[in-house]
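The block underneath contains the structure these notes are about, expressed in C-alpha coordinates.
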Amino acid sequence: LDLSFVRRVCEEIGAAIGVGVWTSLGDSGYVPRGVWSTLAYFPAVLLVGAITAAAYAGGPRIAALGWAVVGWASVVAMLGDTLRLPAWARDLSPLEHTGRVPLVTPDAAALALLSVLAVVTAAAAGVRFARRDLSTG
(Lines give C-alpha, C1' and ligand atoms only; values in the text may rest on other atoms or scores of the structure.)
Protein backbone atom coordinates (compact mmCIF):
# COMPACT_ATOMS: atom_id res chain seq x y z
CA LEU A 1 0.00 0.00 0.00
CA ASP A 2 1.62 3.22 -1.20
CA LEU A 3 0.39 6.05 1.01
CA SER A 4 2.77 8.59 -0.52
CA PHE A 5 0.45 8.93 -3.51
CA VAL A 6 -2.56 9.59 -1.27
CA ARG A 7 -0.59 12.11 0.79
CA ARG A 8 0.62 13.90 -2.36
CA VAL A 9 -2.95 14.14 -3.66
CA CYS A 10 -4.09 15.59 -0.31
CA GLU A 11 -1.30 18.14 -0.40
CA GLU A 12 -2.15 19.15 -3.96
CA ILE A 13 -5.85 19.50 -3.19
CA GLY A 14 -5.05 21.58 -0.10
CA ALA A 15 -2.67 23.76 -2.09
CA ALA A 16 -5.31 24.28 -4.78
CA ILE A 17 -7.87 25.31 -2.16
CA GLY A 18 -5.31 27.65 -0.59
CA VAL A 19 -4.45 29.23 -3.94
CA GLY A 20 -8.15 29.74 -4.65
CA VAL A 21 -8.67 31.53 -1.35
CA TRP A 22 -5.44 33.51 -1.86
CA THR A 23 -6.69 34.62 -5.27
CA SER A 24 -10.02 35.69 -3.79
CA LEU A 25 -8.77 37.38 -0.63
CA GLY A 26 -5.19 38.32 -1.50
CA ASP A 27 -3.66 36.53 1.51
CA SER A 28 -0.99 33.97 0.58
CA GLY A 29 -1.11 32.51 4.10
CA TYR A 30 -4.09 30.43 3.03
CA VAL A 31 -1.90 28.15 0.90
CA PRO A 32 -0.10 26.38 3.79
CA ARG A 33 -3.30 26.45 5.85
CA GLY A 34 -5.11 24.72 2.99
CA VAL A 35 -2.44 22.02 2.82
CA TRP A 36 -2.44 21.37 6.58
CA SER A 37 -6.22 21.44 6.76
CA THR A 38 -6.47 18.79 4.08
CA LEU A 39 -3.78 16.63 5.68
CA ALA A 40 -5.63 16.76 9.01
CA TYR A 41 -8.30 14.51 7.48
CA PHE A 42 -5.70 11.96 6.33
CA PRO A 43 -5.99 9.62 9.40
CA ALA A 44 -9.81 9.61 9.23
CA VAL A 45 -9.81 8.84 5.52
CA LEU A 46 -7.29 6.04 6.09
CA LEU A 47 -9.55 4.58 8.79
CA VAL A 48 -12.55 4.62 6.44
CA GLY A 49 -10.42 2.81 3.85
CA ALA A 50 -9.18 0.29 6.42
CA ILE A 51 -12.73 -0.45 7.62
CA THR A 52 -13.79 -0.92 4.01
CA ALA A 53 -10.86 -3.29 3.41
CA ALA A 54 -11.73 -5.23 6.56
CA ALA A 55 -15.34 -5.59 5.44
CA TYR A 56 -14.22 -6.79 2.02
CA ALA A 57 -11.81 -9.24 3.63
CA GLY A 58 -14.68 -10.63 5.66
CA GLY A 59 -16.36 -11.99 2.57
CA PRO A 60 -18.92 -11.05 -0.04
CA ARG A 61 -21.83 -10.99 2.39
CA ILE A 62 -20.39 -8.14 4.46
CA ALA A 63 -18.37 -6.33 1.79
CA ALA A 64 -21.18 -3.78 1.38
CA LEU A 65 -20.57 -2.69 4.97
CA GLY A 66 -17.57 -0.76 3.64
CA TRP A 67 -19.87 1.33 1.46
CA ALA A 68 -22.13 1.92 4.45
CA VAL A 69 -19.17 3.47 6.31
CA VAL A 70 -18.37 5.69 3.33
CA GLY A 71 -22.03 6.66 2.98
CA TRP A 72 -22.49 7.45 6.66
CA ALA A 73 -19.31 9.56 6.75
CA SER A 74 -20.66 11.50 3.76
CA VAL A 75 -24.10 12.00 5.32
CA VAL A 76 -22.60 13.24 8.57
CA ALA A 77 -20.15 15.57 6.81
CA MET A 78 -22.68 17.11 4.44
CA LEU A 79 -26.02 16.84 6.24
CA GLY A 80 -25.22 16.35 9.93
CA ASP A 81 -26.19 19.90 10.90
CA THR A 82 -29.23 20.01 8.64
CA LEU A 83 -30.56 16.71 9.95
CA ARG A 84 -29.69 17.69 13.53
CA LEU A 85 -28.05 14.34 14.11
CA PRO A 86 -27.33 13.57 17.77
CA ALA A 87 -23.71 13.50 18.92
CA TRP A 88 -23.62 9.71 19.27
CA ALA A 89 -24.69 9.31 15.63
CA ARG A 90 -22.12 11.84 14.42
CA ASP A 91 -19.41 10.11 16.41
CA LEU A 92 -19.87 7.00 14.27
CA SER A 93 -18.16 8.86 11.43
CA PRO A 94 -14.33 8.92 11.61
CA LEU A 95 -14.32 12.28 9.82
CA GLU A 96 -16.23 13.86 12.69
CA HIS A 97 -13.34 13.32 15.10
CA THR A 98 -11.00 15.47 13.03
CA GLY A 99 -13.05 18.56 13.78
CA ARG A 100 -14.10 21.50 11.62
CA VAL A 101 -10.66 22.13 10.19
CA PRO A 102 -9.51 24.88 9.42
CA LEU A 103 -12.02 26.67 11.66
CA VAL A 104 -10.70 24.83 14.72
CA THR A 105 -7.36 23.24 15.46
CA PRO A 106 -7.62 19.45 15.16
CA ASP A 107 -7.16 17.45 18.33
CA ALA A 108 -3.75 15.75 18.13
CA ALA A 109 -4.87 12.90 20.41
CA ALA A 110 -7.88 12.19 18.19
CA LEU A 111 -5.69 12.18 15.06
CA ALA A 112 -3.24 9.82 16.76
CA LEU A 113 -6.06 7.49 17.82
CA LEU A 114 -7.54 7.52 14.31
CA SER A 115 -4.09 6.67 12.91
CA VAL A 116 -3.61 3.77 15.32
CA LEU A 117 -7.10 2.44 14.60
CA ALA A 118 -6.44 2.68 10.85
CA VAL A 119 -3.17 0.73 11.14
CA VAL A 120 -4.68 -1.94 13.39
CA THR A 121 -7.77 -2.33 11.20
CA ALA A 122 -5.69 -2.50 8.02
CA ALA A 123 -3.42 -5.11 9.61
CA ALA A 124 -6.44 -7.17 10.68
CA ALA A 125 -7.81 -6.94 7.13
CA GLY A 126 -4.45 -8.11 5.78
CA VAL A 127 -4.42 -11.10 8.13
CA ARG A 128 -7.99 -11.96 7.17
CA PHE A 129 -7.16 -11.72 3.45
CA ALA A 130 -4.21 -14.05 3.94
CA ARG A 131 -6.44 -16.67 5.62
CA ARG A 132 -9.43 -16.31 3.32
CA ASP A 133 -10.12 -19.01 0.78
CA LEU A 134 -10.99 -16.93 -2.24
CA SER A 135 -12.09 -19.92 -4.30
CA THR A 136 -15.12 -20.46 -2.05
CA GLY A 137 -15.75 -16.82 -1.12
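The values are calculated or read from the model by the stated rules, or taken from the named source; none is laboratory data. Computed from a predicted structure; not experimentally measured. Here Cβ is always computed from backbone atoms with ideal geometry, including for glycine, and neighbour counts include all displayed protein chains. Ligands, DNA and RNA are excluded from the accessible area calculation, which covers all protein heavy atoms including side chains. Shrake-Rupley method; radii C 1.70, N 1.55, O 1.52, S 1.80 Å.
What the table below lists for this structure:
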read-out: Fraction of accessible area attributable to carbon and sulfur, the chain (%, probe 1.4 Å); value: 68
read-out: Convex hull volume of the range 63-137 per residue (C-alpha atoms, cubic angstrom); value: 108
read-out: Rg over Rh, two decimals, the chain (C-alpha only, Kirkwood Rh); value: 1.04
read-out: Label-reachable residues, the range 112-128, where backbone N falls under 19 Å from a point 7 Å from I62's Cα toward its Cβ; value: 117-128
read-out: Approximate shape of the range 1-41 as ellipsoid semi-axes (Cα gyration tensor, √5λ), whole Å, largest first; value: 22, 8, 6
read-out: Förster radius 30 Å - calculated FRET efficiency between W88 and V6, Cβ distance, rounded to 0.05; value: 0.50
read-out: Solvent-accessible area per residue, Å², over the chain with all protein chains present [probe radius 1.4 Å]; value: 64
